[in-house]
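For reference, the structure discussed in these notes is given below.
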Amino acid sequence: MRVAVIGAGIAGLAAGALLSQAGLAPVIFEKGRGPGGRTSSKRTDHGSIDLGAQYFTAQDSVFKDQVADWINAEVAAEWAITPMVLPERQPARAQRRFVSSPKMSSIARYLAKDLDVRTEVHVAEIVRELTGWVVRDRMGQPVGDFDYLLITAPAPQAQSLLAEPSPALAAQAANVRMNPCWSLGLVLGSPTGAKFDAGFPSTGPLGWIARSGSRPGREAVPEVWILHATAQWSQTHIEASPDSVTSALVDAFRALHPGPLEIADTIAHRWRFARAASPLAEPQGYLEGDSGLLCAGDWVTDGRVEGAWHSGRAAALRLIDLARGQLPPGEAE
Ligand SMILES: Cc1cc2nc3c(=O)[nH]c(=O)nc-3n(C[C@H](O)[C@H](O)[C@H](O)COP(=O)(O)OP(=O)(O)OC[C@H]3O[C@@H](n4cnc5c(N)ncnc54)[C@H](O)[C@@H]3O)c2cc1C
C-alpha cells in the first residue's frame with residue numbers, strides 16, 4: 001500500500017511514525033526546509049529562536065506517556081515556570097508545561113529521523129486517477145502516486161488542496177477559522193534584569209512574552225525575549241511591514257518592563273495560520289473522504305500540539321486498519 005502524508009508538523013510526523021512502525025513506509029511531503037511546522041525554530045546569528053509554539057501541555061495519559069518517552073530521549077523537558085499575568089504580576093494558571101529541547105523543533109526532528117521526509121516539496125495539486133492519488137508540486141510535476149493520502153496542512157491550506165477532489169472535506173476545513181500571530185524575537189545586548197521569565201499581558205498588542213533562556217536547553221546569553229502579539233492585533237496588522245510590527249511590539253514590551261533596553265537584533269515572523277480559533281473537535285480525531293483521502297491536524301481536534309499528535313495518530317491507525325483489512329480505497333467501511 002502506497003501512503004503519502006502532506007505536512008511534516010507534529011500531526012504528519014506522529015502519523016508517519018505509526019505508519020512506519022506498521023511497515024507502511026509513508027512518504028512525507030513538506031514545503032518547508034525542515035520538519036516541525038508550527039513547532040519549528042528559526043536559525044539566527046544568535047542561535048535558534050522559537051518563534052512558534054512556546055510550550056505544550058499533556059492532559060491525556062497516552063500523550064503523557066509519549067512526553068515521558070521524549071524526555072527520556074532528551075528531546076523534551078519540563079519547563080518549570082509560573083508565567084505572570086502582566087502588568088499585575090499575578091501568577092497565571094498553574095499547570096505542567098513542556099518544551100522540546102534544546103529547541104522547539106527537536107521533537108519533530110527526532111520523529112522525522114527514520115522517516116522518508118521530502119522537504120521543500122510544496123504540494124499544489126492532488127488528483128484521483130486510475131492509478132491512485134497523483135500528487136503534483138507547484139511546477140505541475142508529479143511527485144508520486146499513492147493509494148492513500150493524509151493531508152495535515154493547516155485548515156485553509158488543506159481547504160485549497162481539497163477543493164477539487166473533495167468538496168465535502170473542503171467544506172469542513174472551511175468551517176475552521178485560524179488566527180494569525182505576529183511573533184518577534186528580541187535579542188538584547190545586556191540583561192533586562194526582569195523579575196519574571198514569562199507572562200500573559202492582559203492589555204495592549206502583546207498576548208505572550210517569554211525569556212528564551214529560562215527554558216531548558218537554551219542559552220541564557222544573549223538574553224532573548226519572544227513576544228507574541230494577540231490574535232486580534234495580529235489580524236488588524238496582518239499586512240503591516242515587519243519594521244512597523246517590530247516597533248509596536250518593542251514599545252509594548254517597554255511598557256511592561258520600563259527601563260533601559262539595549263536591542264542588539266530583532267527577528268519578526270508572521271504566522272498567517274497560528275492557532276485554530278474554532279477547531280472541529282472531531283471525536284475520531286481525523287476526517288475521512290472518498291477514495292482513501294484523510295485529513296488530520298490540530299484544527300481537526302483542539303488546536304494544540306497535543307491535539308495535533310492525537311489527530312495524526314488517529315488517522316494513521318485508520319490507515320493501518322484499512323491496510324490490514326486490505327480494503328481498497330472507496331470501500332472504507
Ligand atoms: C505562534 C504560535 C504559538 C503557539 N503556541 C502554542 C502553545 O503554547 N501550546 C500548544 O499546544 N500549541 C501552540 N501552538 C499551536 C501548535 O504549534 C500547533 O497546534 C501544532 O504545532 C500543529 O501541528 P500540525 O502538525 O497540526 O500542523 P503544522 O505544524 O502547521 O504542520 C503542517 C505542515 O504542513 C506543511 N504544509 C502545508 N501545506 C503544504 C503543502 N501544500 N505541501 C507540503 N507541505 C505543506 C507546513 O509547512 C507544515 O510544516 C502555537 C502555534 C503558533 C504558530
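Each reported figure results from applying straightforward, stated rules to the coordinates on display, with no laboratory input. Because the structure is predicted, anything quoted here is derived from the model rather than measured. Neighbour counts run over all protein chains shown; Cβ positions are idealised from the backbone, glycine included.
Worth pointing out:
- Distance from the alpha carbon centroid of the range 29-89 to that of the range 130-153 works out to 30 angstrom.
- Put simply, when 117-124, 293-300 are sorted by average Cβ atoms within 10 angstrom per residue, most first, you get 293-300, 117-124.
- In plain terms, the bigger the Kirkwood radius, the slower the diffusion; for the chain, with that radius from Cα pairs, at 37 °C and 0.692 mPa s, Stokes-Einstein puts D at 159 µm²/s.
- Every pair of different Cα atoms in the range 178-276 enters the Kirkwood calculation, which places the hydrodynamic radius at 13.6 Å.
- Approximate spin-label separation Asp65-Val221, in nm, with each point projected 7 Å along Cα-to-Cβ: 4.5 nm
- Relative contact order (%) - the chain, alpha-carbon pairs under 8 angstrom, separation at least six: 21 percent
- With R₀ set to 30 Å, the beta-carbon distance separating Thr131 from Arg324 gives a calculated FRET efficiency near 0.85.
- Ordering of 234-243, 25-34 by burial proxy (mean other Cβ atoms within 10 Å per residue, highest first): 25-34, 234-243
- Amide H contacts of Gly132 (H built 1.01 Å from N, under 5 Å, at least 5 apart or other chain): none
- Within the straight-line cut-off of under 24 Å between alpha carbons, the lysines reachable from Lys113 are Lys31, Lys42, Lys64, Lys103, sequence neighbours fewer than 8 places apart in one chain being disregarded.
- Calculated [θ] (222 nm, deg cm²/dmol) that DSSP helices of n ≥ 4 give over the chain, each run adding -39,500 (n - 2.57): -8000 deg cm²/dmol
- Nonlocal amide H pairs with Ala76, under 5 Å, H built at 1.01 Å: Ile71, Ser101
- Against the rule of thumb 2.2 N^0.38 Å, how large the Cα Rg of the range 221-333 comes out: 1.60
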